[in-house]
Structures are given as structure tokens and as C-alpha cells.
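Here the structure is laid out as C-alpha cells; the discussion comes afterwards.
Nothing in this text is a laboratory measurement; each read-out follows from the coordinates by a stated rule. No experiment lies behind these values; they were computed from the predicted model shown. As a convention, Cβ positions derive from the backbone with ideal geometry for all residues, glycine included, and neighbour counts pool all protein chains shown.
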Amino acid sequence: MKTIVYYIIIMLFISLNTVGAQTAIDNPKPKTEEGREVFAVITKWADAVRSRDMKALDSLFEEGLIITTADGKTRGKKEELELLKPNPEIRTVSIKNEDVKVRVFGEAAVATGLNKMQLVNAGKDVNLAFRYTAVFVKKEGRWQLAALHTARMQPQ
């Protein structure tokens, strides 16, 4: 069960490639070009997870990526890529990112948001919500995810 929870946590604002899967970002796009670039990377990240495109994920994740999960554990890029490999037991029905905000500070950017997910795990419906903070860095002209922190929201 812990593995499944960890897997779901990493999926905080991204989805798997399934028929009927939806990804939505509910907020206006950032006003600066850099902010729009980061916003586009967030969308690419979602698409790469949805299609299980390991090559794209590898390029979107900075080598020193550190992820802090809702239970306080951490993992790096290698572990994240391992968790994102195709898994026939988990199907994403829908994902909606709300209240996404992007702030750019030169070659670094911080994105925050609320992610709501509906999954089917081993035939059972699972609904989750997470607040997240993602840090991106710009290297060689492209933005990469460098750090991610999630906080699980309690059901309302």
C-alpha cells in the first residue's frame, strides 16, 4: 500500500496515458515570457507522465532532482523515473490543477498549485488532492524540475 501511495503522490499534477484521461490547468497563464515557459514545462511534464515517455521525463528532470513526499520521505531522479514506469494496475481518470501560480527569479522559478486526481487502482476508485511547490531551474536554455514538495489535502 505504501508503494501505491508514493506512486500516487508523485503523480500530483500529472496523469497516465489512458482513454478518457484529462489534464486541466485552471488559471490564467503567467504574464511574462519566462513564466509562460515554465507553465509550458508543467504541461509537458503532465503529458510525459500520461504517455509514460521516459525519455521526455528524463530531460524534464534536473540531474539533482529532489522530491519530498507528503509523508516527509525524499527521493531523487533515478527513483522518480523508476516509479513512473508503466504500471497496468493504475489508470488515471482525470487530473485538474487549480490555483497554479508561477514566479520567476532569473534562472529559477517557483510554481505552486492544487492538484486534484481521480485514479483507478487495482479496480478501485481513488480521489486525491495535493498542494505542491515545484522549483524549476533554467539550464542550457531549457527549464527543468529541480525540486518538488507535496502536501496531501484531507478530503472535504
In the stretch 90-111, what residues are exposed (fewer than 13 other Cβ atoms within 10 Å of the Cβ) and without any contact (Cβ under 8 Å) to a residue 40 or more places away in the chain? Phe105, Gly106, Glu107
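Looking only at the stretch 101-111, decide whether some residue is closer than 20 Å to Asp53 by Cβ and in a strand (DSSP E or B).
Kept after step one, since they are closer than 20 Å to Asp53 by Cβ, are these residues of the stretch 101-111: none.
Looking through the stretch 101-111, none of the residues is closer than 20 Å to Asp53 by Cβ and in a strand (DSSP E or B).
Among the residues that make up the stretch 113-125, is at least one of them surrounded by 14 or more Cβ atoms within 10 Å (Cβ to Cβ), assigned to a strand (DSSP E or B), within 17 Å of the chain's Cα centre (by Cα) and among the β-branched types (Val, Ile, Thr)?
The initial filter retains those residues of the stretch 113-125 that are surrounded by 14 or more Cβ atoms within 10 Å (Cβ to Cβ), namely 113-121.
Checking the rest, the ones that are also assigned to a strand (DSSP E or B) come to 113-121.
Now restrict to residues that are within 17 Å of the chain's Cα centre (by Cα): 113-119.
Narrowing the set further to residues that are among the β-branched types (Val, Ile, Thr) leaves none.
Within the stretch 113-125, none of the residues are surrounded by 14 or more Cβ atoms within 10 Å (Cβ to Cβ), assigned to a strand (DSSP E or B), within 17 Å of the chain's Cα centre (by Cα) and among the β-branched types (Val, Ile, Thr).
Take Gln118 and decide whether it is within 23 Å of Arg36 (Cα to Cα) and either of a type in the set (Phe, Trp, Tyr) or in contact (Cβ under 8 Å) with a residue 24 or more places away in the chain (or both).
Details: within 23 Å of Arg36 (Cα to Cα): no; either of a type in the set (Phe, Trp, Tyr) or in contact (Cβ under 8 Å) with a residue 24 or more places away in the chain (or both): yes.
Against the criterion (within 23 Å of Arg36 (Cα to Cα) and either of a type in the set (Phe, Trp, Tyr) or in contact (Cβ under 8 Å) with a residue 24 or more places away in the chain (or both)), Gln118 does not qualify.
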All but one of (1) over 14 Å from the mean Cα position of the chain (by Cα); (2) surrounded by fewer than 20 Cβ atoms within 10 Å (Cβ to Cβ); (3) in a strand (DSSP E or B) hold for Glu82, so report the exception by its number. (3)
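If we keep just the residues of the stretch 126-140 that are under 29 Å from Pro88 (Cβ atoms) and of a type outside the set (Ser, Thr, Tyr), which is surrounded by the most Cβ atoms within 10 Å (Cβ to Cβ)? So that I can check it myself, show each step before the final result.
Of the stretch 126-140, the ones under 29 Å from Pro88 (Cβ atoms) are 126-130, 132, 134.
Adding the requirement that they be of a type outside the set (Ser, Thr, Tyr) leaves 126-130, 134.
Details: Val126: 16, Asn127: 11, Leu128: 19, Ala129: 17, Phe130: 22, Ala134: 24.
Among them, the one singled out is Ala134.
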